[in-house]
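The values are calculated or read from the model by the stated rules, or taken from the named source; none is laboratory data. The shown structure was predicted, so the numbers you read here are calculated from the model rather than taken from an experiment. Quick reminder, even Gly has a Cβ in these numbers, built from the backbone with ideal geometry, and neighbours come from all protein chains shown.
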Ligand code: FNR
């Protein structure tokens, strides 16, 4: 496995190989005040020890109202810093680079009422249009959480712009019906994400990784590509590409040997110069190698595979057999009993 084991530079950091752990939230792992209830340093430390080059710690809420569920790990107050400090230390001891994903769930958030880009009924939930004052606060909350991540000794943050959460609700023309400066044209719909990137960059300085989880809606349109280039120009160091809103209709060319989410990543990889990560259903080292060999991606994210086998990366590099992930339905078995598969 030659190419998996090649280092790559992101910002000032050398990632020792091309395998990354994408964010994998474990809802039953926190109390209702954003504090972890299990030893997550051990959880991530094991994956770091197993050779993973870059670890992205699970979605962590930027404010209490931003949470997807009440039992979600938070980074909205200074008291949350030590639980990330422990993770940073453990991963660094194993020579992995480690960042944390920051999220505002928007329409999927807890709370009543909930706010989205527009007043709209989504998944049977009535959402109010987020007022400008609240948008300002959301930006501040992203910035404060990023500063806390830096204080914790993490190497960067990933801003969650995918999977139908708040920032994809702004980007999507189906959801965003605003008539102010954050709605209408594509430039206006992506404005909030770009402002957050710029404000986070100003606050954390140049030497801190900013990753953006880009939720692609339709790779055949120019919109996602345009947005990716704008993110690059705004100071994003790396893109972790996944699904956005409306991505279900995407068609993958017949000769493309992966699913549509991986395909979206490869399309974005073609149009930007910063590193891009592809993800979804990649289980075999040969698949990762194929993507790298054909210059379809720079980084390969292995999610459930790394839950099933923390040693996935080292085993892949050394050609050893890997504990298989069977992509259990409805959700990952790992999360149900909290033990390694
Ligand atoms: C996820 N995913 C996810 N994505 C994200 O952006 N933030 C998150 O916190 C989570 N949490 C999460 C939990 C669980 C249990 C699963 C299965 C998935 C999506 C994840 O990062 C990844 O994109 C998918 O798991 C697909 O990759 P794999 O697992 O097929 O390699």
Filter the range 200-227 for residues that are over 24 Å from residue 147 (Cα atoms) and more than 14 Å from the ligand (Cβ to nearest atom) and give the result. 217, 218, 219, 220, 221, 222, 223, 224, 225, 226, 227
Filter the range 288-314 down to residues that are modelled with pLDDT under 95 and not in a loop (DSSP other than H, G, I, E, B) and give me whichever is nearest to the ligand (Cβ to nearest atom). 304
If residue 235 meets every condition in (1) surrounded by fewer than 22 Cβ atoms within 10 Å (Cβ to Cβ); (2) under 20 Å from residue 164 (Cα atoms) apart from one, which number is that one? (2)
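Looking at the structure I just gave you, is residue 66 more than 30 Å from residue 273 (Cα to Cα), touching a strand residue (DSSP E or B) at 6+ places or on another chain (Cβ under 9 Å) and buried (at least 24 other Cβ atoms within 10 Å of the Cβ)?
Yes.
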Taking the range 72-122, which residues are in a loop (DSSP other than H, G, I, E, B) and under 30 Å from residue 8 (Cα atoms)? 73, 75, 94, 95, 96, 104
Return the total of residues in the range 12-60 being over 19 Å from residue 277 (Cα atoms), in a helix (DSSP H, G or I) and away from the ligand (no atom under 14 Å from the Cβ). 5
For the range 198-217 the number of residues that are surrounded by fewer than 17 Cβ atoms within 10 Å (Cβ to Cβ) and in a loop (DSSP other than H, G, I, E, B) is 3
So if I check each of 185, 144, 221, which one is within 22 Å of residue 261 (Cβ to Cβ) and surrounded by fewer than 21 Cβ atoms within 10 Å (Cβ to Cβ)? 221
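This table checks each residue for (1) touching a strand residue (DSSP E or B) at 6+ places or on another chain (Cβ under 9 Å); (2) farther than 20 Å from residue 51 by Cβ; (3) crowded, with 24+ Cβ neighbours inside 10 Å.
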position: 77; (1), (2), (3): no, yes, no
position: 82; (1), (2), (3): no, yes, no
position: 95; (1), (2), (3): no, no, no
position: 101; (1), (2), (3): yes, yes, no
position: 104; (1), (2), (3): yes, yes, yes
Matching entry among 245, 250, 274 (being in contact with a helix residue (DSSP H, G or I) (Cβ under 7 Å, 6 or more places away or on another chain) and under 29 Å from residue 14 (Cβ atoms)): 274
From the option list 154, 167, single residue qualifying as in a loop (DSSP other than H, G, I, E, B) and surrounded by 23 or more Cβ atoms within 10 Å (Cβ to Cβ) is 154
